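Values quoted throughout were computed directly from the atomic coordinates according to the rules given, and no laboratory measurement underlies them. Computed from a predicted model, the values in this text were never measured in an experiment. Virtual Cβ from ideal backbone geometry, glycine too; neighbours counted across all protein chains shown.
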Amino acid sequence: MDMTNIREVLAANLKKYRQARGWSQAKLAEKTGTSTQYIGMLEIKGKFPSSEMIHKLAAALGIDPTELFSLEIDPETIIKNYQKAVIEDIGEEVNKLVADFFTEKVQKLDEKNRRDVN
């Protein structure tokens, strides 16, 4: 791949960072408030994002926006970003599990209280 075209650089880096997090295009789209099709178009150089979208993409991926345009991606940076992403993902899952757990407990208590009242 000729990495002199800015669209090619962005497309390659976006895909590389997304895959390093283990995310699908749909997951990145969800995190940035856009469509899976739009992410796909960015990755095949069919579209070029606005500066606002560049910042959203970078924030979702946990990177500096300039890293989306870097010709060289430092493996240490990728590893650090991946570790940060994994920790964030684990935190989100733990929060969801805890919320689900307490929601279930509250529902059971409500059911019990309704039975006790009747």
Original post:
The list (1) 13, 37, 23, 11, 9, 6, 2, 0; (2) 14, 39, 31, 13, 3, 0; (3) 14, 50, 32, 3 gives values of P(r) over Cα pairs in 10 Å bins from 0, in percent, and only one came from this structure; which label was calculated from it?
Top reply: (1)
**OP:** Give a quick list of GluC sites (Glu not before Pro) in region 1-106 that DSSP marks as loop, anything other than H, G, I, E or B, with at most 12 other Cβ atoms within 10 Å.
**Re:** Glu72
**OP:** With only Lys, Arg, Asp and Glu charged, each at its Cβ (+1 for the first two, -1 for the last two), find how big the charge dipole of region 6-117 is about the Cα centre; round to the nearest 20 debye.
**Re:** 320
Original post:
In straight Cα distance, which lysines are under 20 Å from Lys96, not counting same-chain residues fewer than 8 positions off?
Top reply: Lys27, Lys31, Lys84, Lys105, Lys108
Subject >> Size of charge dipole - region 1-68 - debye, nearest 20, with Cβ of Lys, Arg +1 and Asp, Glu -1, no other charges >> reply: 200
Subject >> Separation of alpha-carbon centers, region 74-118 and region 20-42, rounded to whole Å >> reply: 23
Original post:
In region 53-102, with Lys and Arg counted as +1 and Asp and Glu as -1 at Cβ, which of these residues, Ala58, Leu68, Ile79, has the Cα nearest the positive end of the dipole, that is, farthest along it?
Top reply: Ala58
